[in-house]
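Coordinate-derived values only; no laboratory data. Predicted model only: the values in this text are computed from it and were never measured. Every residue, glycine as well, gets a Cβ built from its backbone with ideal geometry; the counts of neighbours run over all protein chains shown.
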Amino acid sequence: MIAEMGSLASEGRQLQWFRDAFDAVKTNYPEIKGLVFFSTSSDKNAPLRDGESPLNWAGVDRDSVLMLMPQHEHIPGLAMVLC
């Protein structure tokens, strides 16, 4: 299982990142049976420098990511959770 998986929307290629990740799991890592998406607007676990804001992982376009999932339903036993 991969816990706290995510991609920052501010980087500009979030959906492609998820598409690539799903493809990699299917092709290269058949032992992975679960994916949990990390989605919070204030990641207080990352160290901040003066003036920096916490990372915002909540930029996940939930509907778009969910639309990618059916393309990967054929991965036997894979469960995905998007919170």
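Structure data summary
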| quantity | calculated |
| --- | --- |
| Theoretical gain in end-to-end length, A24 to M1 [0.36 nm per residue, Cα-Cα removed] | 6.9 nm |
| Residue order, fewest to most beta carbons within 10 Å, for S64, S39 | S64, S39 |
| Backbone N within segment 24-62 under 20 Å of label point (7 Å from S10 Cα along the Cβ vector) | 38-62 |
